[in-house]
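Read through the structure below, which is laid out as structure tokens, and then see the notes.
The values are calculated or read from the model by the stated rules, or taken from the named source; none is laboratory data. Fair warning: this is a prediction, and the values are worked out from it, not measured in the lab. For neighbour counting, all protein chains shown are included, and Cβ atoms are generated from backbone atoms with ideal geometry for every residue, glycine included.
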Amino acid sequence: MNAAIYYHPEAYKTSGSKLMGRNAAGESFLRGFLLHGKAPEFWVQVAKPEYVKDFADLVKKLNRDERIRTIGPGNLGSLADVGVAFYPGPVIGEEAFHRVAFGDGAWSVCGITHTISSSFAMDAIANMLTSPVQPWDALICTSSAAKKSVETMLDAQAAYLSDRLGITKQVRPQLPVIPLGVHVNDFISTTDQKTNSRKLLGIDPEAIVVLYVGRLSFHAKAHPLAMYQALNIAAQKTGKKILLVECGQHHNEFIQKAYEEAFKLACPNIDLMYLDGRDRDNPKMAWASADIFCSLSDNIQETFGLTPIEAMAAGIPVVVSDWDGYKDTVRDGIDGFRIPTLMPQPGYGEDFALRHALFLDSFDMYSGFTSSLVAVDIQATAEAFIKLIQSPELRKQMGLAGQNRALANYDWGKIIPRYEELWSELNALRLSQAAHLKISQQSWPARMDPFRLFSSYPSTVLGPETILSLVDDDANQAIAKIESFRKLSMVDFAVMIIPSVEESKQILNAVRDSQMKAIDLVIGFPPMRQRHLLRSLVWLVKMGVLKVVK
């Protein structure tokens, strides 16, 4: 089954000045579609005529000579001839409104989730229930966690409409889970290529190379302190020479300096190499040089995560957070290790949602505040690193398992047929049902508490009965650690939502001699501060001074 691909160059290219995950995913998908699609001709929908030539150039570059049929605003009804319109985002409700003039059964609309935490994406999802979306439409969810969050938002919107308007009927699109894909062969390196890449980068042959690939953004991608602290512990425990390679891009000088100062403070026992990810040769050499891949994503803007799949394709064992799409793709103990994550229970982030809704906080700040209260288990990360560092055989075994999994499940040659199968099912459902078509308690579901909306992401949540203790038995050492970390710009940027130094001292001193329930750690504070501090206990776990006992 074919589909008309909505094409805008920005959505499918990584050559722009600001590289985002959706750009990489879009570029990879389009290449996969053009290489593996079985349709006898290509349909492209564009907003501007000049985009057609750009699309045609890509088709020619990939040695496809099929006819290209174009749809623009002036002949939108021609989508009925192909049957399915595919959009590289979640705005299927708006596209369903565009379809109304031609009939709700004229064609199927299919979108896809990338980030679902932005106001744009959340509005698009919530508005689906008040748009003419039909059962033969679909929003592809790239992970099970993303699907759960979409369902959570739709449930909240349905409850709001029922309370407000007494609405009982609702029509939802299908929400199939189809992962993103990779071009596996792009990441496979020969032994000679691996040796030459390490030589070109000047890497000691004896060093263990731990690789991070992706945006270098502590507030919008992955806060690096957990990785830094765990690597430092691993270096101390193993005595091995470890090189951390960060291949990506700092979007500004402030972020670059924030990373540099954090690494200097938290990672004195390992070496660091930065590679600009915009230079296409650098990622290739980085993948070829790596022994271990690490991505401890802790951010709600992530929904799938391509880089662990790329690492698996490269035959590299992975250490990732037990978070969002990583839960689907990485088999703990087989392809690598999934590290437990923690965030506050639902109900403790309403102020984040309100501040973002009132434009008091940008999306970056909203994401950054939320991720500041998502903790990745530092000790478990260190233990994973130690196991892999000490065992070349384990690295080889996990790397091979991951590569086989990538080939079997995540190569675009396997994923594109799943798209085509979905489009065929949507078309069949539309043709069978459209002829019989009849015309036709949340404060703000599209701005939900992030800890409720994304409650499916972490391994567990922290609540009043959660029992905590010190990581180390020395409260004074823990207090000193917090005081030093508070001087970091990547920590202090969230001063509004983390405990003060004095509050941190009081909490750490309270748990000095025994483990305690979370509620008992904050009960002595003024009532107006107790909820704030209860959720902030996750921040103390994130910083590596408290740990969850049970």
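Put simply, of 85, 47 the only residue that is over 24 Å from residue 185 (Cα atoms) and either assigned to a loop (DSSP other than H, G, I, E, B) or outside the structural domain of residue 175 (by TED's automatic domain parsing) (or both) is 47. Can you find even one residue in segment 88-102 that is under 20 Å from residue 10 (Cα atoms), assigned by TED's automatic domain parsing to the domain that holds residue 157 and among the small types (Gly, Ala, Ser)? Taking every residue of segment 88-102 in turn, at least one turns out to be under 20 Å from residue 10 (Cα atoms), assigned by TED's automatic domain parsing to the domain that holds residue 157 and among the small types (Gly, Ala, Ser).
Could you name every one of the helices (runs of 4 or more DSSP H) located completely within segment 359-424 that has at least 1 residues being in the same structural domain as residue 325 (by TED's automatic domain parsing) and under 30 Å from residue 535 (Cβ atoms)? First the steps, then the outcome.
Values: elements: 363-371, 378-390, 392-405.
Hits in segment 359-424: 378-390.
Within the set 212, 228, the sole residue that is touching a strand residue (DSSP E or B) at 6+ places or on another chain (Cβ under 9 Å), farther than 28 Å from residue 141 by Cα and of a type in the set (Phe, Trp, Tyr) turns out to be 228. Collect the residues in segment 305-353 that are of a type in the set (Asp, Glu), surrounded by fewer than 24 Cβ atoms within 10 Å (Cβ to Cβ) and touching a Pro at 6+ places or on another chain (Cβ under 9 Å), keeping them in residue-number order. Listed by number, the residues that qualify are 322, 328.
Restricting attention to segment 69-101 and to residues that are within 17 Å of residue 172 (Cβ to Cβ) and among the aliphatic types (A, V, I, L, M), the residue that is surrounded by the fewest Cβ atoms within 10 Å (Cβ to Cβ) turns out to be 96. Among the residues of segment 344-354, is any part of a helix (DSSP H, G or I), touching a Leu at 6+ places or on another chain (Cβ under 8 Å), aromatic (Phe, Trp, Tyr) and not assigned by TED's automatic domain parsing to the domain that holds residue 530? No: segment 344-354 contains no residue that is part of a helix (DSSP H, G or I), touching a Leu at 6+ places or on another chain (Cβ under 8 Å), aromatic (Phe, Trp, Tyr) and not assigned by TED's automatic domain parsing to the domain that holds residue 530. For segment 363-384, a tally of residues being surrounded by 24 or more Cβ atoms within 10 Å (Cβ to Cβ) and of a type in the set (Asp, Glu) returns 1.
Comparison of 198, 215 shows that the only residue that is surrounded by 16 or more Cβ atoms within 10 Å (Cβ to Cβ), more than 19 Å from residue 295 (Cα to Cα) and in the same structural domain as residue 324 (by TED's automatic domain parsing) is 198.
Screening segment 228-271 for residues that are β-branched (Val, Ile, Thr) and under 25 Å from the mean Cα position of the chain (by Cα) and picking the one that is surrounded by the most Cβ atoms within 10 Å (Cβ to Cβ) gives 245.
Just give me the residues in segment 245-276 being aromatic (Phe, Trp, Tyr) and in contact with an Asp or Glu (Cβ under 8 Å, 6 or more places away or on another chain), in sequence order. Scanning segment 245-276 gives 259, 274. Within segment 1-12, residues that are of a type in the set (Ser, Thr, Tyr) sit with their Cβ atoms under 7 Å from residues that are buried (at least 23 other Cβ atoms within 10 Å of the Cβ), at 6+ positions apart or across chains, in these pairs: 6/45; 6/85; 6/86; 7/45; 12/26. Any residue at all in segment 102-114 that's surrounded by fewer than 21 Cβ atoms within 10 Å (Cβ to Cβ) and in a helix (DSSP H, G or I)? Yes, there is a match, as at least one residue in segment 102-114 is surrounded by fewer than 21 Cβ atoms within 10 Å (Cβ to Cβ) and in a helix (DSSP H, G or I).
For segment 29-59, the tally of residues that are surrounded by 12 or more Cβ atoms within 10 Å (Cβ to Cβ) and under 22 Å from residue 183 (Cα atoms) stands at 16.
Filtering segment 279-303 to residues that are surrounded by 24 or more Cβ atoms within 10 Å (Cβ to Cβ) and either under 11 Å from the mean Cα position of the chain (by Cα) or in a loop (DSSP other than H, G, I, E, B) (or both) leaves 290, 295, 296, 297, 298, 299, 300, 301, 302, 303. Can you name the residue in segment 263-280 that is farther than 17 Å from residue 223 by Cβ and in contact with a helix residue (DSSP H, G or I) (Cβ under 9 Å, 6 or more places away or on another chain) and, of all such residues, is modelled with the lowest pLDDT? In this case the residue turns out to be 277.
Going by the conditions given, is residue 274 within 26 Å of residue 487 (Cβ to Cβ) and in contact with a strand residue (DSSP E or B) (Cβ under 7 Å, 6 or more places away or on another chain)? Judged against the criteria, residue 274 is a match.
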